[in-house]
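The values are calculated or read from the model by the stated rules, or taken from the named source; none is laboratory data. None of these values were measured; they are calculated from a predicted model. Reconstructed Cβ throughout: ideal geometry from the backbone, glycine too, with neighbour counts over all protein chains shown.
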Amino acid sequence: MAGSSPASITSAAGTGVDLEVVERGSGAPLVVLHGASGPTPDAPFVDLLAQQNRVVVPSHPGFGRSSLPEWMDSVEDLVYVYLDLLEEYDDRAVTLVGVSLGGWVAAELAVRRPQWLGRLVLVDAVGIRVGGREDRDIADIWAVGTEELLRIGFHDPDKGRQYMSLEGKSKDQLEIVARNQESAVLFGWEPYLHNPKLRRRLDRIDVPTLVLWGASDRITHPDYGKAYAASIPGATFQLVEDAGHFPHIEQPHEFAAAVGRFADRRLPGPAGQAGGA
């Protein structure tokens, strides 16, 4: 199915959160958890993945048109919302794909309920501390201007300008952009985009895991991604060339091919990947 699909509202029963969800395609479920900039259900990579999978793209609480209860203020809260959502699937067929902030959520979920997943894909994920106390593992995306964000976030800043452009957006769409930004700060500000305990818990993940990283990412450097992969037993690390922090946006065909091969349990071992410890 190509083009725009209407969103539905799904209630996460245990938490009572109403989630905006877009679904495309059919087959084994592939759930995509978006990054701090918000969901992108109409991006080309979604249709590419939907050629072979049932692609499910929820908006995090506080993003898009999903509700945000007053008690929610942490990534842990997001995790339990998605645990409720994933209870719909009971056959370990789910491939969970987490991008940036969504990668952090996916990793936290996999630590808690690895038995609920078939496969895990972390894409330029945040969430762990790699360096020392005084080291900055993750660039401060809220302290830099637009041009600097384009430079550190994208291999091709022009693609970033197109992705981030507000031109032609309606008042309703602009309000959603602002809401997304506010919610990203709510969930990621303190501590800044990580859980200091998460890295020591990643060895609990016992499902096949692909750590996919833009080779030109300067928000979370590929070395950070390699450390992520090395912390997950048996994880595979793979670079996406000519892409920064948003490989799904800059290189949708390469991204969808890598995720599709992995979700279909066909990993031919392309050049540029290294196994994790």
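Filtering the range 94-106 down to residues that are among the aliphatic types (A, V, I, L, M) and touching a strand residue (DSSP E or B) at 6+ places or on another chain (Cβ under 6 Å), which residue is modelled with the lowest pLDDT? Talk me through it step by step, then tell me what you get.
In the first step, residues of the range 94-106 are kept if they are among the aliphatic types (A, V, I, L, M); the result is 94, 96-97, 99, 101, 105-106.
Those still in the list that are touching a strand residue (DSSP E or B) at 6+ places or on another chain (Cβ under 6 Å) too: 94, 96-97, 99, 105-106.
Numbers: VAL94: 94, LEU96: 98, VAL97: 99, VAL99: 99, VAL105: 99, ALA106: 99.
Within the range 94-106, the match that is modelled with the lowest pLDDT is VAL94.
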Kindly list the number of the only condition in (1) among the aromatic types (Phe, Trp, Tyr); (2) touching a Ser or Thr at 6+ places or on another chain (Cβ under 6 Å); (3) in a helix (DSSP H, G or I) that fails for PHE63. (3)
Which residues, counting only those in the range 66-93, are assigned to a loop (DSSP other than H, G, I, E, B) and not hydroxyl-bearing (Ser, Thr, Tyr)? LEU68, PRO69, GLU70, TRP71, MET72, ASP73, GLU87, GLU88, ASP90, ASP91, ARG92, ALA93
Is it fair to say LEU174 is more than 20 Å from VAL126 (Cα to Cα) and assigned to a helix (DSSP H, G or I)? yes
Residues of the range 74-122 satisfying the condition of being charged (D, E, K, R) and in contact with a Pro (Cβ under 8 Å, 6 or more places away or on another chain): ASP77, ARG119
Scope the range 49-60; condition surrounded by 22 or more Cβ atoms within 10 Å (Cβ to Cβ) and not in a loop (DSSP other than H, G, I, E, B); matching residues: LEU49, VAL55, VAL56, VAL57, PRO58
Restricting the first residue to the range 136-149 and requiring it to be part of a loop (DSSP other than H, G, I, E, B), which pairs with a second residue that is among the small types (Gly, Ala, Ser) and modelled with pLDDT under 95 meet a Cβ separation below 6 Å and a spacing of at least six or different chains? ASP137/GLY131
Candidate set from the range 252-275 (those that are in a loop (DSSP other than H, G, I, E, B) and out of contact with any helix residue (DSSP H, G or I) (no Cβ under 9 Å at 6 or more places or on another chain)); member that is modelled with the highest pLDDT: ASP264
Residue pairs within 8 Å by beta carbon, gap of at least six or interchain, first lying in the range 225-239 and without any contact (Cβ under 8 Å) to a residue 24 or more places away in the chain and more than 11 Å from VAL130 (Cα to Cα), second in a strand (DSSP E or B) and of a type in the set (A, V, I, L, M), listed first then second, are none
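Within the range 190-200, is there a residue that is in a helix (DSSP H, G or I) and either among the small types (Gly, Ala, Ser) or at negative phi (or both)? Before the answer, list the steps.
Filtering the range 190-200 down to residues in a helix (DSSP H, G or I) leaves 199-200.
Checking which are either among the small types (Gly, Ala, Ser) or at negative phi (or both) leaves us with 199-200.
Yes: the range 190-200 contains one or more residues that are in a helix (DSSP H, G or I) and either among the small types (Gly, Ala, Ser) or at negative phi (or both).
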If you take the residues in the range 61-88 that are surrounded by fewer than 19 Cβ atoms within 10 Å (Cβ to Cβ) and in contact with an Asp or Glu (Cβ under 6 Å, 6 or more places away or on another chain), which one is nearest to ASP18 (Cα to Cα)? SER67
